[in-house]
1. Taking into account only those residues within segment 49-67 that are of a type in the set (S, T, N, Q) and in a strand (DSSP E or B), which is farthest from the chain's Cα centre (by Cα)?
2. With the requirement that a residue be within 24 Å of the chain's Cα centre (by Cα) and either hydrophobic (A, V, I, L, M, F, W, C) or in a loop (DSSP other than H, G, I, E, B) (or both), what does segment 123-139 give you?
3. Among the residues that make up segment 77-88, is at least one of them at negative phi, part of a loop (DSSP other than H, G, I, E, B), surrounded by 12 or more Cβ atoms within 10 Å (Cβ to Cβ) and in contact with a strand residue (DSSP E or B) (Cβ under 7 Å, 6 or more places away or on another chain)?
4. Give the residue, chosen from Thr70, Thr130, that is in contact with a Pro (Cβ under 6 Å, 6 or more places away or on another chain) and of a type outside the set (A, V, I, L, M, F, W, C).
5. Which members of segment 118-142 meet the condition of being of a type outside the set (A, V, I, L, M) and open to solvent by less than 50 Å² (accessible area, probe 1.4 Å)?
6. Of all residues in segment 143-161, count the ones that are outside any loop (DSSP other than H, G, I, E, B), open to solvent by 40 Å² or more (accessible area, probe 1.4 Å), closer than 17 Å to Asp24 by Cβ and not basic (Lys, Arg).
7. With (1) within 17 Å of Ile138 (Cα to Cα); (2) surrounded by fewer than 18 Cβ atoms within 10 Å (Cβ to Cβ); (3) of a type in the set (D, E, K, R) as the list, and Arg23 as the residue in question, which single condition is left unmet?
8. Which one of these does Glu93 not meet: (1) in a strand (DSSP E or B); (2) surrounded by fewer than 18 Cβ atoms within 10 Å (Cβ to Cβ); (3) in contact with a Phe, Trp or Tyr (Cβ under 9 Å, 6 or more places away or on another chain)?
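The values are calculated or read from the model by the stated rules, or taken from the named source; none is laboratory data. Values in this document were obtained by computation on a predicted structure and should not be read as measured data. A quick note on method: Cβ atoms are made from the backbone with ideal geometry, for glycine too, and the neighbour counts reach across all protein chains shown. In case anyone asks, the SASA skips ligands and DNA or RNA and just uses the protein heavy atoms, side chains included. Shrake-Rupley method; radii C 1.70, N 1.55, O 1.52, S 1.80 Å.
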Amino acid sequence: TGAAVLSPTTAGRLPGSPSDVLRDYAALLQTGRSGGTSFAADQVVRSVRDNAKQQASQVAKIASFKQTHTVTKDPIHAIATRDGGALVVGAIERVDTFTVKKGKGHLAPPAAYRALAGVAKITKAATVRTIEVVALVIPPAGGGDVRVIGFTELPESVTAR
């Protein structure tokens, strides 16, 4: 019978608008705390946060590491589900920033990033931009936690010097 397209900024019977829920998920990926939306536990958050901690630990002697997650300006797609909830697909930009400490040497980027950045070693700084595409099911208000049902990440660019 089809499904109605929902505005990303309207909550209706939802616990929050699709835009707000996606923004809260980006906060959860970055800080481990949601901006207010209740999410079901998922492996994506654990994996992304554990990977960030591991990267920071691996480069700690030579460089600092910072990771941010921000909802992109790309459209958020939301459709109504039969139970009054919504299926939401949106994109989050993850930015990994490495800053080499003065006098500590250099970082050797992985082969794929060497090709994208065009450098064999990082002597000052590097920025890796990755697009994280996430699919979420938002239940109607009072219907439980928001669930992640799909996630993929695609490297977009690497700059290094």
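1. Selected residue: Ser64.
2. Taking segment 123-139 and keeping what is within 24 Å of the chain's Cα centre (by Cα), we get 125-139.
Selection gives Ala125, Ala126, Val128, Ile131, Val133, Val134, Ala135, Leu136, Val137, Ile138, Pro139.
3. Just the residues of segment 77-88 that are at negative phi, to begin with: 77-83, 85-88.
With the extra rule that they be part of a loop (DSSP other than H, G, I, E, B), the set shrinks to 81-83, 85.
Checking the rest, the ones that are also surrounded by 12 or more Cβ atoms within 10 Å (Cβ to Cβ) come to 81, 85.
Adding the requirement that they be in contact with a strand residue (DSSP E or B) (Cβ under 7 Å, 6 or more places away or on another chain) leaves 81, 85.
Among the residues of segment 77-88, at least one is at negative phi, part of a loop (DSSP other than H, G, I, E, B), surrounded by 12 or more Cβ atoms within 10 Å (Cβ to Cβ) and in contact with a strand residue (DSSP E or B) (Cβ under 7 Å, 6 or more places away or on another chain), which makes the answer yes.
4. Thr130
5. In the first step, residues of segment 118-142 are kept if they are of a type outside the set (A, V, I, L, M); the result is 118, 121, 123-124, 127, 129-130, 132, 139-140, 142.
Those that are of a type outside the set (A, V, I, L, M) and open to solvent by less than 50 Å² (accessible area, probe 1.4 Å): Thr127, Thr130, Glu132, Pro139, Pro140.
6. Selection size over segment 143-161: 2.
7. Only one criterion in (1) within 17 Å of Ile138 (Cα to Cα); (2) surrounded by fewer than 18 Cβ atoms within 10 Å (Cβ to Cβ); (3) of a type in the set (D, E, K, R) is unmet by Arg23, namely (2).
8. (3)
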